[in-house]
Amino acid sequence: MRLNESIVISAPPKLVWDHIAEPSNYLHFMSGITRWEVEGEQRQGLGARYRMLIRVGSAEVGGLIEIVEWQPEREMAWSSVMGVDQRGRWRLRETTDGRTRVELRYAYGVAGAGIPGYIAELVASPSLGSNLRKSLQQLKRQVEHERLRAEAARRRAEREPAEI
Amino acid sequence: MADPSTVADQARANGNGSAPADASGHSGLRDRLAPLGAASGIGAPLGRIGRGLLSAAQDVAADAAGSAARRVNKRLRADLDDRDPDWLRERLPLLWLLATIWFRGEVRNLGNIPEKGAVLLVGNHSGGNVTPDTFIFTLAFSSYFGIERKFHQLAHNLVVTLPVSGALVRRGGTVAASHKNAQKALEAGAALLVYPGGDWEVHRPTWDSAKVDFAGRKGFIRLALDQEVPIVPVVSIGGQETALFLSRGDRLARALQLDKIFRLKVLPISLAVPWGLNVGDFLGHVPLPAKVTTEVLPAINLREQFGPDPEPDEVYDHITRQMQETLEALDAERRYPFIG
């Protein structure tokens, strides 16, 4: 089963990228996520591994994932190493007015589970889809808030030397 | 958790000792029957043929009994390799569907289970011979820690020796309840789920749903001390509302000597789908869709908490009290039994 959600964030791609590249942010903006921990020495980048779990129905499902594609400010993809089969992808594209279109793709399933597996994927999709939408809305709110805060700090910094 | 007793020992004796049984029991029978052929007046040749056929039939019967005993014996031993993680992984979606849609299952605080190493999970048991709390917890544990982490459950001999369902639960990691099997699983570094209340607790009446009843069984404490593993209590509510359990039928079981023959201390009586009046629950039943909620309590390191030589009675009282309080809290938070 593959899910796809997108949103436009009023911030440049770099700001959005910085937010999604930092693993400690995931517990704050990804809806339904109960665990997102760095596994091993590498914190970010191609080959970084995370142990993640998301609550779906009666269980927290997920497992160990690895970053398999890493193009700063454009693309980040992960794939499962252990746990349920999953692939995820962030796609960031700058719009003509300087904002960022963010697309989140998520594919999941259990190979070999047969018809019950297919039914389970169907049953889980509304709840997972809703989690993805909420995650993008929370990402938008946090990044835009961060942009406003950064701009305010910059304006303050510009004013202060003049006042002195 | 039950101790290894009659069935296992008898099966072991029969399974490994078919020759002595053949020599003693069967030759006695042959001696008693042999004169009949001679005395029947059919004649010596026919008598010899008759004796030959009788002997062959006895050998076949003895082989069949020995082979059946060996099969039962094998199932009662903890063959931890029976657990098939890939098979289990492929069944998780089905378990998830049942747990989510039918039982609206909820398992809380799995993070209280130590991330690595052997651990003894001690649960209260509900639901008769179809126990939703076990498979909901198996699903939750396997999803949370991954099927790569070894996880076994102890079950009554009857459950693991049944021809079809027994094979399935063994592939899921269930082994026959015995101290030796439990030791073996913990020594292998597995997480082990035990239900000290066993058949006594699982068939308690529905109106005792919010009652922990281990029947004074403290073997799990000795096991945790011997293996130096932490105990993690696991408390569930809802399973006892999947049928209307009326009585354990313990007196009836004693009267029929089921405790001696099959290690069954109860002969439960319930109203269950599809049977109506269900005596024994040997064929299981279709569980009603009661909401099942499970809470995992913080790990208890016995020697850290109770000193170098903990008193089993004190530990037992502490654990059962803690579990009882949690069960009452889970009961109180529900608006209605069954619905949740």
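The values are calculated or read from the model by the stated rules, or taken from the named source; none is laboratory data. In this text the structure is predicted, and so the values were computed from the model without any measurement. Cβ atoms come from the backbone with ideal geometry, glycine included; neighbour counts cover every protein chain shown. Accessible surface areas use protein heavy atoms only, side chains included; no ligands, DNA or RNA. Shrake-Rupley method; radii C 1.70, N 1.55, O 1.52, S 1.80 Å.
Structural remarks
- The mean number of partner chain beta-carbon atoms within 10 angstrom of a residue's beta-carbon across peptide A:118-126 is 3.
- At the listed q of 0.22, 0.27 Å⁻¹, the Debye profile of the stretch B:253-337, built from one uniform point per Cα, gives log10 I(q)/I(0) equal to -0.99, -1.16.
- Solvent-accessible area of the stretch A:13-164 (1.4 angstrom probe, protein heavy atoms only): carbon and sulfur portion equals 52 percent.
- Taking θ as phi - 60° and the Karplus parameters 6.51, -1.76 and 1.60, the scalar couplings of the stretch B:255-260 work out to 4, 8, 6, 5, 5, 7 Hz in sequence order, x denoting glycine and proline.
- Chains B and A together bury roughly 1700 Å² of accessible area, counting both sides, with a 1.4 Å probe on protein heavy atoms only.
- Virtual spin-label span in nm between residue B:167 and residue B:304, 7 Å along Cα→Cβ: 4.4
- Exceedance of the 21 Å cut-off in Cα-Cα distance is limited, within the set B:218/B:265; B:150/B:218; B:150/B:291; B:180/B:218; B:180/B:211, to B:150/B:218; B:150/B:291; B:180/B:211.
- Per residue of peptide B:143-150, the mean number of Cβ atoms on other chains within 10 Å of the residue Cβ is 5.
- Using the 1.4 Å probe convention, the accessible area of the stretch A:10-113 works out to 43 Å² per residue with neighbouring protein chains retained.
- Inter-chain Cβ neighbour count for A:59-65, averaged per residue, equals 6 (cutoff 10 Å, partner chain atoms only).
- Scanning residues 5 or more positions from residue A:109 or on other chains, those with amide H under 5 Å from its amide H are A:85, with H placed 1.01 Å from N in the peptide plane.
- Helices in chain A, meaning DSSP H runs of at least 4 residues, each add -39500 (n - 2.57). Divided by all residues, the mean residue ellipticity at 222 nm is -13500 deg cm²/dmol.
- Under 18 Å from the Cα of residue A:14 - aspartates and glutamates, other chains or at least 8 residues apart: A:22, A:69, A:73, A:75, A:94, A:97, A:103, A:144, A:146, A:151
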